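Asker: The structure under discussion is supplied below as structure tokens; questions concerning it will follow.
The values are calculated or read from the model by the stated rules, or taken from the named source; none is laboratory data. Owing to the predicted nature of the structure, the values given are computational and were not obtained by experimental measurement. Quick reminder, even Gly has a Cβ in these numbers, built from the backbone with ideal geometry, and neighbours come from all protein chains shown. The protein model used for the area step is the full one, side chains on, heavy atoms only, and it has no ligands, DNA or RNA in it. Shrake-Rupley method; radii C 1.70, N 1.55, O 1.52, S 1.80 Å.
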Amino acid sequence: MATKLVFVGEMGAGKTTAIRSISDMEPISTEMPISDEDALQVSQGKSHTTVALDYSSIELGGGELLHVYGVPGQAYLDFMWPIVAEGAIGVIVLVSALNPRALPSTLTLLEHFRALAPEACFAVGVTCQDREPGFAFGALRDGLAAAGHRLPVMWVDAREAMQVDFLVKALLSCRYAEALA
């Protein structure tokens, strides 16, 4: 049996990096140099961005495959979202601590992807904390809860396989706990 996990988030949140860190194989990536339009959105020294999707897989116990996708965060590339989200068992929203609009952008992505993947479980990972130690993590978590989102919210360094793996396991644990309830 194959399952699908989707990473979403705004440009620069770490989706491609997270997928690379946990993949069993070299991910398929559609990274291209940042366009003039994208350059206005990011000031993080980023030179490339995903323009269609990232894909890889992870072998779980018993030979089961977890198909892992990342979709671009730019609104003008959102046509990929419904294609990739269909049938997803889980969606991980990555948000950069450098994003001054972290809460509203996370709420918007959760709203869109809950509509696209109504059977999926969700988790939020906050990246780039090493570059923004003053990020109001508690305010993000509390804001999500106040909006009715009961889901794992945690710090994650997308470069560290163990941290990304823990976030994935937290999401999958919630999924299986809901199935047992």
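Asker: Which one of the conditions (1) crowded, with 22+ Cβ neighbours inside 10 Å; (2) closer than 20 Å to ASP54 by Cα does ALA102 fail to meet, given that it meets all the rest?
Answerer: Going through (1) crowded, with 22+ Cβ neighbours inside 10 Å; (2) closer than 20 Å to ASP54 by Cα one by one, ALA102 breaks only (2).
Residues are listed down the side, and each one gets a yes or a no for (1) modelled with pLDDT under 85; (2) on the phi > 0 side of the Ramachandran plot; (3) open to solvent by 20 Å² or more (accessible area, probe 1.4 Å):
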{"position": "LEU5", "(1), (2), (3)": "no, no, no"}
{"position": "GLY9", "(1), (2), (3)": "no, yes, no"}
{"position": "ASP24", "(1), (2), (3)": "yes, no, yes"}
{"position": "THR30", "(1), (2), (3)": "yes, no, yes"}
{"position": "ILE34", "(1), (2), (3)": "yes, no, yes"}
{"position": "GLN41", "(1), (2), (3)": "yes, no, yes"}
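A quick yes/no check of all residues on (1) open to solvent by 20 Å² or more (accessible area, probe 1.4 Å); (2) of a type in the set (Ser, Thr, Tyr); (3) without any contact (Cβ under 8 Å) to a residue 40 or more places away in the chain; (4) assigned to a loop (DSSP other than H, G, I, E, B):
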position: GLU132; (1), (2), (3), (4): yes, no, yes, yes
position: PHE135; (1), (2), (3), (4): yes, no, yes, yes
position: ASP157; (1), (2), (3), (4): yes, no, yes, yes
position: VAL164; (1), (2), (3), (4): no, no, no, no
position: CYS174; (1), (2), (3), (4): yes, no, no, no
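Asker: Of everything in region 86-122, what is part of a helix (DSSP H, G or I), under 15 Å from the mean Cα position of the chain (by Cα), aliphatic (A, V, I, L, M) and over 17 Å from GLY138 (Cα atoms)? Give them in sequence order.
Answerer: Within region 86-122, LEU109, LEU110, LEU116 qualify.
Asker: Could you tell me which of the residues ALA85, ALA123, ALA117 is open to solvent by less than 20 Å² (accessible area, probe 1.4 Å) and in contact with a Cys (Cβ under 9 Å, 6 or more places away or on another chain)? Before you say what the answer is, go through the steps one by one.
Answerer: Details: ALA85 fails: in contact with a Cys (Cβ under 9 Å, 6 or more places away or on another chain); ALA117 fails: in contact with a Cys (Cβ under 9 Å, 6 or more places away or on another chain).
Checking each option against the conditions leaves just ALA123.
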